[in-house]
Amino acid sequence: MSEPFSYYSGIPTFEMMLGIALVAVLIFLIGMILNMKKWGGGSVKAFLSAFIKSATKEGHQSILTSVVLDILLQRRIIRRSPFRWVMHMLIFVGWGGMLVLSLIFALFEILHKIGIGSFDLNVVRSGFDTPNEVLGYLLLIGIIIAIIRRVALSEVSKRTQVFDWVLVLGILFITVTGFMAEGYRPDAVSAWTFLGADEALAQTLALFHVAISLLFCIAYIPFSKYMHMIAAPLTIIANGGGE
Amino acid sequence: MAEEKKAEEKQMPEIPKGEPSIKTDVIDPISLMQYDACTRCGECDNWCPTLDAMERDMNISPRDKISRWRSFMGKNYGLLAKLFGPKEIPEEDIQNFNDHLFHCTTCGVCGTVCPAGLNTIEMWEATRQQLVLRGNGPYGKQSLFPKLIGEMHNPYMKEQKDRLLWVPDDVEIADNADIAYFTGCTAGFNMQVLAVSTARVLNKLEVPFTMLGEDEWCCGSALIRTGQPHIGDTPRQAAIHNVEALEAKGVKKVLFACAGCFRAATIDWPHLMGREPNFEVVHLADFLAEQIEHGKIKWENSLENKTITYHDPCHLGRHVGVFEGPRKVIKSMPGAKFVELERNRDLQRCCGAGGGVKAGIPDLALGVASGRIKDAMDVKADILSSACPFCRRNLGDGRNSVLGLETGDFNVRDSEENDMQVEDLIVLTAELMGLSTKTKSQTEE
Ligand code: SF4
Ligand code: SF4
Ligand code: SF4
């Protein structure tokens, strides 16, 4: 083996990961089209034109301001509850950050595959280790706070439904499998090395982790109540954001 | 629920098999998307005034209503519906949803606090309209609005020719002027103390003003808020009629003392007509604040160190953004000890009258108003002021209910023995300027 641990974004075969990603994105797009059709009274075009009209209405703050202050920094939440804001930001930054890092790394892998650029993918990958680890912990802390909140605060636990639990536990599961896949890697530098090195298990877990991440966090969203993850930012843009 | 209507009492539409139980054709795409945007955080439930007044009956929680309509949409238009056909929604569920949806004053605080920034007012109004079209809505006496407003141009069963009956002999109204006063049905027919106070203050300030008189039609707000704008196309016709009549008079500025009419003229009329009117729309509170800034108002009396607070009418504040003008007026009143209510400005608690609730579910309107009165008691207010005849009416009823007083004649100035006076800004202004607030009928007596 020229590259001793020949998986980069965590999976032995890059093609397999690409395949799953494409399927996930395709399912996601079909779901989005179905939703836009539903919102547009049967027509995607009707929805899109209503959306563009609303988002660009006179008097609205700029879309960039909405994206930065209202979607990325979620200032509407901080005004209501700084504690909830911290929880949201931990989850959001952790989850979003890892998604962005994965996309960047996938890009490196594609470049490497088609032979553009001369870089050692193992070196690039190890550069991603620490940020990934830090983001993973942010996400984990955020989820643990969310779970404690759901259990400990009576007004939150009273209105918690099954699907709320599916969401938090689902993300917790994905996060933990990610840490485990990392921990089993023979070249791991993570705190999870206590699991012991097992390349075969690491590869299987990594594939499993990426597959459920893509399917649960991307493909499933438009078909579930988690659609708010897409519809809420779109709503903020359509309504011109603001405090 | 006080006036729970049973599904079977209503004329339910026959839904052919395989057809969706609900339609969404009058709900705009953005509102439909917003039903999917709710994160179910429950923040709105912490603020909803009707939920508080109904002892937190979660059926009327905004979050719950969003979940239910979303689930209806999923059953009729979701992926499974696409694959296997729409699933039938039990009539009773739709009727119950309708009734709960009408237990709402369209105050909009749920949207203000929503982290996802949902424009709930538009969602509620459009969904109400969809349910009215379906035969489920509106609720109770709200169903009288289309006939009354459509035929008589006011909701109080009064004759158009009586529009100016309130005008006392001492009041001067110009045939033509740069400024018009749009009286509105409530001040013109029922709360005439506001109309006479407004007219006398403007006269005293030597601001010539004109009025539409018999040509003034109800602003249409009650129909829009209760999901009945399509019946007879009345609100649109009213918007066109009023705007064209005011434009024909050549006025440059139109003054409104009613929050409901002001909201209609600022937001609903341009929306219905597809254009802005050729005049400026100004609420009287802002106009008075401007007069104070220019040193035009000369106070002659004092509030004698009374504690006065201010209830932001939701249709004036949260809906349009007028918050500071009324405060400036109150703070400039001699002898006024101004205190804020704990919930103020865009987070205010509604008086309970809006969204057709006063007409449709009076018990609920009273319950919400009582909550607002308690807010004012918490800050030990001697006077609870507002800037809307409808708020004044409902808060007055709430005050009487909390203090165990008889429901009074609200054209009469609040009696001095009341522990808490509920009074409109313009009436207080007139009194402190040394003007009479007696209505024509009181003067004649
Ligand atoms: S508009 Fe006001 S009354 Fe209606 S649901 Fe929202 S908060 Fe409650
Ligand atoms: S505040 Fe907004 S996102 Fe939260 S439950 Fe209410 S409507 Fe949904
Ligand atoms: S009467 Fe006043 S507080 Fe009540 S709904 Fe109307 S504007 Fe809002």
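Things to note:
- Peptides A:130-137, B:310-317, B:135-142 ranked from most to least packed give B:310-317, B:135-142, A:130-137, packing being the mean of other C-beta atoms within 10 angstrom over each peptide's residues.
- Gaussian network model of chain A, Cα within-10 Å springs - most flexible of A:Gln203, A:Gln61, A:Gln74: A:Gln61
- Between A:Asn122 and B:Met157, the modelled label-to-label distance comes to 9.1 nm, taking each label 7 Å out from Cα in the direction of the beta carbon.
- In nm, spacing of pseudo-spin labels at A:Ile114 and A:Thr130 (7 Å Cα→C-beta vector): 3.2
- Distant-in-sequence amide H partners of B:Glu423 (H built 1.01 Å from N, under 5 Å): B:Leu384, B:Ser385, B:Ser386
- All-pairs Cα distance distribution in chain A, expressed in whole percent, bin size 10 Å: 7, 25, 32, 25, 10, 2, 0
- Overall, the accessible surface of segment A:150-194 at a probe of 1.4 angstrom is composed of carbon and sulfur to the extent of 67 percent.
- Along segment B:240-251 the Karplus relation, 6.51 cos²θ - 1.76 cosθ + 1.60 evaluated at θ = phi - 60°, assigns HN-Hα couplings of 4, 4, 5, 5, 5, 5, 5, 5, 4, 7, x, 6 Hz to successive residues, with x for each Gly and Pro.
- Area of A:Glu155 that stays accessible when all protein chains are in place (1.4 Å probe, Å², to 10): 90
- Prolate/oblate/rounded call for segment B:244-394, Cα gyration tensor, a/c under 1.5 rounded: oblate
- Seen from A:Glu15, the other residues with C-beta closer than 13 Å to its C-beta sum to a net charge of 0, counting Lys and Arg as +1 and Asp and Glu as -1.
- All other residues whose Cβ lies under 14 angstrom from that of B:Thr210 are scored, Lys and Arg at +1 and Asp and Glu at -1, for a net of -3.
- Solvent accessible area, Å² - A:Ile77, 1.4 Å probe, full protein context: 10
- Helix B:284-293 and the long axis of chain B differ in direction by around 40°, with both axes built from C-alpha atoms.
- Peptide B:74-87 is shielded by partner chain Cβ atoms: per residue, an average of 2 of them sit within 10 Å of its Cβ.
- Cross-link check: pairs A:Lys158/B:Lys87; A:Lys38/A:Lys225; B:Lys252/B:Lys298; B:Lys374/B:Lys438; B:Lys204/B:Lys328; A:Lys37/B:Lys65 evaluated at a Cα-Cα cut-off of 18 Å; pairs beyond the cut-off: A:Lys158/B:Lys87; B:Lys252/B:Lys298; B:Lys374/B:Lys438; B:Lys204/B:Lys328; A:Lys37/B:Lys65.
- The contact between chain A and chain B removes approximately 2600 Å² from the accessible area (both sides summed; 1.4 Å probe; ligands, DNA and RNA excluded).
- Dividing the alpha-carbon radius of gyration of segment B:142-291 by the rule-of-thumb value 2.2 N^0.38 Å gives 0.98.
- Residues of segment A:10-238: accessible area per residue with a 1.4 Å probe, Å²: 50
- Cα pair distances in the protein assembly as shown, grouped into 20 Å bins until the bin that holds the longest one, percent each: 16, 43, 27, 12, 2, 0
- Separation of the B:Ser401 and B:Lys252 label points, Cα + 7 Å toward Cβ, nm: 4.5
- Ranked from largest to smallest solvent-accessible area, with a 1.4 Å probe on the protein heavy atoms, A:Trp39, A:Trp85 come out as A:Trp85, A:Trp39.
- Computed over protein heavy atoms with a 1.4 Å probe, the accessible surface of segment B:296-444 works out to 37 Å² per residue.
- Interface burial in segment A:30-46 reaches 30 Å² or more for A:Leu34, A:Lys38, A:Trp39, comparing the full protein assembly with the chain by itself; accessible area from heavy atoms with a 1.4 Å probe.
- Straight Cα distances below 17 angstrom link B:Lys358 to the lysines B:Lys141, with same-chain residues fewer than 8 positions distant left out.
- Distance cut-off 20 Å, percentage of C-alpha pairs in segment B:2-137 lying past it: 45
- Accessible area, probe 1.4 Å, largest first, for residues B:Glu406, A:Glu58, B:Glu122: A:Glu58, B:Glu406, B:Glu122
- Shape call, chain B: gyration tensor on alpha carbons, a/c limit 1.5: prolate
- Take each residue in A:222-231, count the other chain C-beta atoms within 10 Å of its C-beta, and the mean is 5.
- Surface composition of segment B:296-444: carbon and sulfur atoms hold 48% of the protein heavy-atom accessible area at a 1.4 Å probe.
- Rolling a 1.4 angstrom probe over segment B:2-137 with all protein chains present gives an accessible area of which 51% lies on carbon and sulfur atoms.
- Cα-based shape type of segment B:15-79, given that a ≥ b ≥ c are square roots of the gyration tensor eigenvalues and the cut on a/c is 1.5: prolate
- Annotation: amide H-H contacts under 5 Å for A:Gly241 (H modelled 1.01 Å from N, sequence separation of 5 or more, or interchain): none.
- Near the amide H of B:Phe209, within less than 5 Å, lie the amide hydrogens of B:Ala174, all on another chain or at least 5 residues away, with H placed in the peptide plane.
- Most mobile listed residue (B:Ile383, B:Ile361, B:Ile89) in chain B, GNM with C-alpha springs under 10 Å: B:Ile89
- The local environment of B:Ala239, defined by Cβ-Cβ distances under 13 Å, has a net charge of -3 under the rule Lys, Arg +1 and Asp, Glu -1.
- Of the DSSP H helices in chain A, those with a Cα length along their own long axis of 18 Å or more and a mean Kyte-Doolittle hydropathy reaching -0.5 comprise A:14-39, A:82-114, A:121-152, A:162-184, A:199-214.
- Highest-MSF residue in chain B out of B:Ala239, B:Ala265, B:Ala116 [GNM, Cα springs under 10 Å]: B:Ala116
- Peptide B:43-51 has a mean shielding of 1, counted as Cβ atoms of other protein chains within 10 Å of each residue's Cβ.
- FRET efficiency for the pair A:Thr65 and A:Gln161, taken as 1/(1 + (r/R0)^6) with r the Cβ-Cβ distance and R0 = 30 Å, rounds to 0.35.
- With Cα atoms, 0 to 90° folded angle of helix B:120-134 axis to chain B main axis: 60
- Cross-link partners for A:Lys57 among the aspartates and glutamates, with Cα-Cα distance under 18 Å and sequence neighbours closer than 8 places in the same chain left out: A:Asp70, A:Glu243, B:Asp28, B:Glu122, B:Asp268, B:Glu276.
The values are calculated or read from the model by the stated rules, or taken from the named source; none is laboratory data. Just so it is clear, the model here is predicted, and its values are computed rather than measured. With ideal geometry, Cβ positions are generated from the backbone for all residues, glycine too; neighbour counts draw on all protein chains shown. Side chains are part of the model used for accessible areas, which takes the heavy atoms of the whole protein and leaves out ligands, DNA and RNA. Shrake-Rupley method; radii C 1.70, N 1.55, O 1.52, S 1.80 Å.
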